[in-house]
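These notes are about the structure you will find just below.
Bear in mind these aren't lab numbers, they're just calculated from the coordinates by the rules spelled out. Quantities reported herein were computed from a predicted structural model and do not represent experimental measurements. Glycine also receives a Cβ, built like all others from the backbone with ideal geometry; neighbour counts cover every protein chain displayed.
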Amino acid sequence: MLHNPPMLTLHRGHKRPSRAIIEAFRNAQTGHVCDAMDGRGAVDWRIKPLDPDNAVFCGPAITAHAYPADTVGMFGALHEAEAGDVILVSCDGYTGTAVLGDLAAGMMKNKGVVGFVTDGLARDKAGILASRLPVFAMGVSPNSPARNGPGVVGLPIVLGGVHVRPGDIVVGDADSVVVVPQERAEDVLAALAEVRAAEVIAEQSVRDGATMTKGMLPIIAAARIVLGGAA
């Protein structure tokens, strides 16, 4: 590294999705959103809600990268966030210390942030649950971080294997968090409507006694049959 970076860098001016787009994704099931994006878009399965009963949210992403064992990037994102935003903090999966605690979660809630997602850890679980802020993390540890930087806010990040840019639409529920690229939002919404309609039909089929999905029937019919069991 030629020069030490500043403790905090804030990148501003990203395009934000319209309120109508956000409302169209509100209360969508993450599984349905993934189906509308060719089965992809969810973060690593290990990133889970601290409270599955308070895990539903939807909003535009404000992104940050925090160096391991540091919270400058997280607090920078809190400063930049607007009401309705979802803060996503990548720390390269560092699990030696937490990147969020109950006080920061309370401040986010006070500012109108609707969700927090990290590939790191959280601490002070009881206080976070009391704040009623939906928080997704890799786990919980009381180990505390520092504020030495560097932190970067407002640039693309990779979190849980998913590329996230500021302004992307983020949808969360008890299952996972899904990121919808902002430029794909209209197409994904159109596909989402088809997914929901197909799901209604499939669910009714199960209630009516179905024992196999129709799409598997021709595959099973064409299967090679081997008699006699294993050798």
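Projecting the Cα positions of Ala185, Phe136, Gly84 onto the charge dipole of segment 8-192 (unit charges on Cβ atoms of Lys, Arg, Asp and Glu, taken about the Cα centre) puts Gly84 furthest along the positive direction.
Do you know the relative contact order of segment 8-192, to the nearest whole percent, from alpha carbon pairs under 8 angstrom that are 6+ apart?
Working: 493 pairs, mean separation 62.8, N = 185.
Reported relative contact order: 34 percent.
In the chain, the DSSP beta bridges split such that about 45 percent are antiparallel, to the nearest 5.
Across segment 155-170, rounded Karplus estimates of 3J(HN,Hα) from the backbone phi angles (6.51 cos²θ - 1.76 cosθ + 1.60, θ = phi - 60°) give 10, x, 10, 10, 10, x, x, 10, 6, 10, 10, x, x, 4, 8, 10 Hz, Gly and Pro being marked x. For segment 35-160, the alpha-carbon radius of gyration amounts to 0.95 times the rule-of-thumb value 2.2 N^0.38 Å expected for a compact globular protein. Residues considered: Val162, Val153, Val135. Largest GNM mean-square fluctuation over the chain, using C-alpha springs under 10 Å, is found at Val162. For the chain, the longest principal axis of the Cα atoms and the long axis of helix 102-111 meet at an angle of about 80 degrees.
Ranked highest first by average number of other Cβ atoms within 10 Å, how do 209-219, 30-40, 69-79, 194-204 line up? Spell out each step's value before the answer.
Values: 209-219: 9.1, 30-40: 17.1, 69-79: 22.9, 194-204: 12.2.
Going from most to least packed, we get 69-79, 30-40, 194-204, 209-219.
Taking only alpha carbon atoms, segment 106-208 gives an Rg to Rh ratio of 1.06, where Rh is the Kirkwood radius.
Taken about its Cα centre, the chain carries a charge dipole of roughly 220 debye when the Cβ of each Lys and Arg holds +1 and the Cβ of each Asp and Glu holds -1. Grouping the Cα pair distances of the chain into 10 Å bins from zero gives a pair-distance distribution of 8, 31, 30, 16, 9, 5, 1, 0 percent in increasing distance order. Per-residue Karplus couplings for segment 33-39, computed as 6.51 cos²θ - 1.76 cosθ + 1.60 with θ equal to phi - 60°, are listed in order as 5, 4, 4, 6, 10, 6, x Hz, Gly and Pro entered as x.
Is there a quick way to get the dipole size of segment 167-222? I mean about its Cα centre, with the Cβ of Lys and Arg at +1 and of Asp and Glu at -1; what is the value in debye to the nearest 20? Mind showing how you got there, number by number?
On the way: 4 positive and 10 negative charges, 63 e Å.
Approximately 300 debye in magnitude.
Only one residue of Val171, Met212, Val226 has its Cα farthest out toward the positive end of the dipole of the chain, where Lys and Arg carry +1 and Asp and Glu -1 on Cβ, and that residue is Val171.
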